[in-house]
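Below is one structure, written out as structure tokens; comments come after it.
The values are calculated or read from the model by the stated rules, or taken from the named source; none is laboratory data. If you're wondering where the values come from, they're calculated on a predicted model, not measured in any experiment. Cβ atoms come from the backbone with ideal geometry, glycine included; neighbour counts cover every protein chain shown. Surface accessibility is based on the protein's heavy atoms, side chains included, excluding ligands, DNA and RNA. Shrake-Rupley method; radii C 1.70, N 1.55, O 1.52, S 1.80 Å.
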Amino acid sequence: MTVIVIDTNVLLAADGQADHMSAECMEECLTRLKRVKATERVVLDDARILLGEYHHILKPNSSPTYGSAFLKWLLQVEGNANHVEKVTITPRDQENTLFDEFPSDAALEAVIDRSDRKFFAVSNAHRDKPPILEATDTKWLGWEDQLKQHGIKVEVLCRCELETIRKRNLARKTKTKR
């Protein structure tokens, strides 16, 4: 059975809460999360940092959306090894943004948002270094090659759409600098 780490924005995109993404991206995220439930295991940290973020953003007891339903399911199966594997990550700060398990790489530390580091720490702490599902953050496209050097893979859903958005953003930056 395949194992996977899930970035919070996949759940948000499945809910249609990623304003800049298309309905096709939403559908792709929905389909991928259904596959996760049916045939894969989700990797979480034993301190529940990932679950805490999912819970904070999605509110599983309030809105009947697919992302919140997925989180509710995840909370129900959290102790079931058929659906969830847990790893230990070691926070180095009170905000849970710096981790011992984050790859030791100054270049990565310089570019990766602190709020995203927990996903990389969870993947890196697992014996198989499972891929991280990502849906809506164009910055992750620029990190893939560096992460691969540490054995961490990113499975980018909605890749074509993200690449288009990234090119448009880069063109704007270039135009602004002139």
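Summary of computed values
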item	result
Convex hull volume of region 74-178 per residue (C-alpha atoms, cubic angstrom)	139
Percentage of interatomic Cα-Cα distances in region 70-124 larger than 12 Å	69
Carbon/sulfur fraction of accessible area - the chain, other protein chains in place, 1.4 Å, %	49
Space enclosed by the convex hull of the alpha-carbon atoms of region 106-157, per residue, Å³	73
Unpaired by the 4.7 Å Cβ criterion, cysteines found in the chain	CYS29, CYS160
Accessible area (Å², per residue) of region 1-91, counting only protein heavy atoms and a probe of 1.4 Å	46
1.4 Å probe accessible area per residue over region 115-169, in Å²	43
Estimated 222 nm signal from helices in the chain, with DSSP H stretches of n ≥ 4 weighted -39500 (n - 2.57), rounded to 500	-15500 deg cm²/dmol
Region 119-136 - phi-based ³J(HN,Hα) in whole Hz, Karplus 6.51/-1.76/1.60, Gly and Pro as x	5, 5, 5, 5, 4, 5, 6, 7, 4, 9, 6, x, x, 9, 6, 9, 10, 10
Overall Cα dimensions of region 1-57 - principal axes, largest extent first, Å	33, 27, 11
Distant alpha-carbon pairs in the chain (separation over 25 angstrom), percent	33
